[in-house]
Amino acid sequence: MKSTDLCLSSGGAEVVLATSSDEKYPPENIIDGSSETFWTTTGMFPQEFIISFHKCVKISKLTIQCYLVRSLRIEKSLSKDPVDFEVCTEKDLQYTEGALQTEEFSLPEFQATYLRFIIKSAFDHFVSVHTVMAEGVAENI
């Protein structure tokens, strides 16, 4: 099976929770496939968002494009509801003045129905998340 980006709203992915929301920069922008649009936080950390795949998927690589994120934790869940998350990875990101941070996470292949991204700290009062890409295949269960 061909590996595709599973984190696209056009492919059925959905942001089911975001801890902050601005109508000009909604969390749905994270999964619209464009790095030109983004979700922005409203200060205070941690901030988080959860992406639902509405089915079990097998993920081999995660990529996030963001701005001013200092510390990030990514968790997965195989539950029918967004509960029982397990840590996939945690990383401190490098500061990139005036440019997007593009962070690739090559992980051992794993299954998930939900991904939770927790922005633990930032380089400023606000951060933006432009895209999340999950390379993998949908499971036939």
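Taking other residues whose beta carbon is less than 13 angstrom from the beta carbon of Tyr67, and scoring Lys, Arg as +1 and Asp, Glu as -1, yields -3. Debye calculation, C-alpha points only, no solvent: report log10 I(q)/I(0) for the chain at q = 0.17, 0.21, 0.22 Å⁻¹, in the same order as the q values. Results for the chain at q = 0.17, 0.21, 0.22 Å⁻¹ read -0.87, -1.37, -1.50. The residues of the chain present an accessible area of 52 Å² per residue when probed at 1.4 Å with all protein chains retained.
Other residues with beta-carbon under 15 Å from the beta-carbon of Thr4 carry, at +1 per Lys or Arg and -1 per Asp or Glu, a net charge of 0.
With contacts taken as Cα pairs under 8 Å and at least 6 residues apart, the range 21-141 reaches a relative contact order of 41 percent. Applied to the range 96-102, the Karplus parametrisation 6.51 cos²θ - 1.76 cosθ + 1.60 on θ = phi - 60° returns per-residue 3J(HN,Hα) values of 10, 5, x, 9, 5, 8, 10 Hz, with x for Gly and Pro.
Close amide H pairs (under 5 Å, H built 1.01 Å from N) link Gln101 with Cys66, Tyr67, Leu68, residues at least 5 positions away or on another chain.
Taking GluC sites (Glu not before Pro) as candidate sites, keep only those in a DSSP loop with at most 11 other Cβ atoms within 10 Å, then name the longest stretch of the chain containing none of them. Answer from the scan: 37-96.
Using unit Cβ charges (K, R positive; D, E negative) and no other charged atoms, how large, in debye to the nearest 20, is the dipole of the chain about its Cα centre?
Values: 12 positive and 21 negative charges, 53 e Å.
The calculation lands at about 260 debye.
Working with all protein chains in place, sort Leu78, Leu8, Leu93 by solvent-accessible area computed with a 1.4 Å probe, largest first.
Values: Leu78 100, Leu8 45, Leu93 10 Å².
Reading off the accessible areas and sorting them downward yields Leu78, Leu8, Leu93.
Using a 1.4 Å probe over the heavy atoms of the protein chains, calculate the carbon and sulfur portion of the accessible area of the chain as a whole percent. That fraction is 48 percent.
Annotation: amide H-H contacts under 5 Å for Glu139 (H modelled 1.01 Å from N, sequence separation of 5 or more, or interchain): Cys56, Val57, Lys58.
The values are calculated or read from the model by the stated rules, or taken from the named source; none is laboratory data. Note that this is a predicted model, so its numbers are computed, not measured. Note that each Cβ is placed from the backbone with ideal geometry, even for glycine, and that neighbours are counted across all protein chains shown. Surface areas here come from the heavy atoms of the whole protein model, side chains and all, with no ligands, DNA or RNA. Shrake-Rupley method; radii C 1.70, N 1.55, O 1.52, S 1.80 Å.
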